[in-house]
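The values are calculated or read from the model by the stated rules, or taken from the named source; none is laboratory data. Here the structure is a predicted model, which means the values were calculated and not measured. Methodologically, a virtual Cβ is constructed for each residue, glycine included, from the backbone with ideal geometry; neighbour enumeration extends over all protein chains shown. Side chains included, ligands, DNA and RNA excluded: accessible areas come from the protein's heavy atoms. Shrake-Rupley method; radii C 1.70, N 1.55, O 1.52, S 1.80 Å.
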Amino acid sequence: SDLLLYLDRRCKKRQIATARGALTANPDSHTPAWLIGFASQSGFAEQLAWKTAGQLQAAGLAVRVQPLAEITEQDLRQSRNALFVVSTFGDGEAPDSARGFERALLSRSLPLLELNYAVLALGDRQYQHFCAFAKRLHDWLAAHGGSSLFAPIEVDSGDSASLHQWQQRLETDRKS
């Protein structure tokens, strides 16, 4: 089983590298970039963040992809548009890489009146606290003045219908 886990991680790393490699330098540096933050335990959220970035960039938008761990208060205050692709781990917890972000920022009060955002929540319905970290993030952003572009989209174990809904919503909201 360790071998299967190792092979799965190698496969995800290759998929992330492919998605990341598909991005080009931002087309117009005068356009504020869409911030795409991700929190991943297995690599799937990161892979989806890079795919999302590719979709936005293909539509001519500037993008900046960052792990939640590297997103600062200043990043959130300066961003006009942000997408968060986050998984929930274990019993409703943030992935290991995002625990510092949760402790540092989600406990603070930040004025985010200029921020439009959407959340793609990855989880597993077998757990009692399905997508709990993503819900906490969404609620915190809304409580501090952020405007949700659309309701969080919850994905149960990589459900392709939910992922397709995310892509469709991005397409629709980007045009409006």
Top-ranked residue of region 119-141 - restricted to ones that are open to solvent by less than 30 Å² (accessible area, probe 1.4 Å) and assigned to a loop (DSSP other than H, G, I, E, B), ranked as farthest from P32 (Cα to Cα): F130
If the requirement is being touching a Phe, Trp or Tyr at 6+ places or on another chain (Cβ under 9 Å), free of Cβ contacts under 8 Å to residues at least 60 places away in the same chain and at positive phi, which of these qualifies: G92, G158, G145, G123? G92
Screening G60, G54, G100 for residues that are outside any strand (DSSP E or B) and closer than 15 Å to W166 by Cα leaves only G54
If we scan region 105-118, do we find a residue that is surrounded by 18 or more Cβ atoms within 10 Å (Cβ to Cβ) and within 25 Å of H164 (Cβ to Cβ)? yes
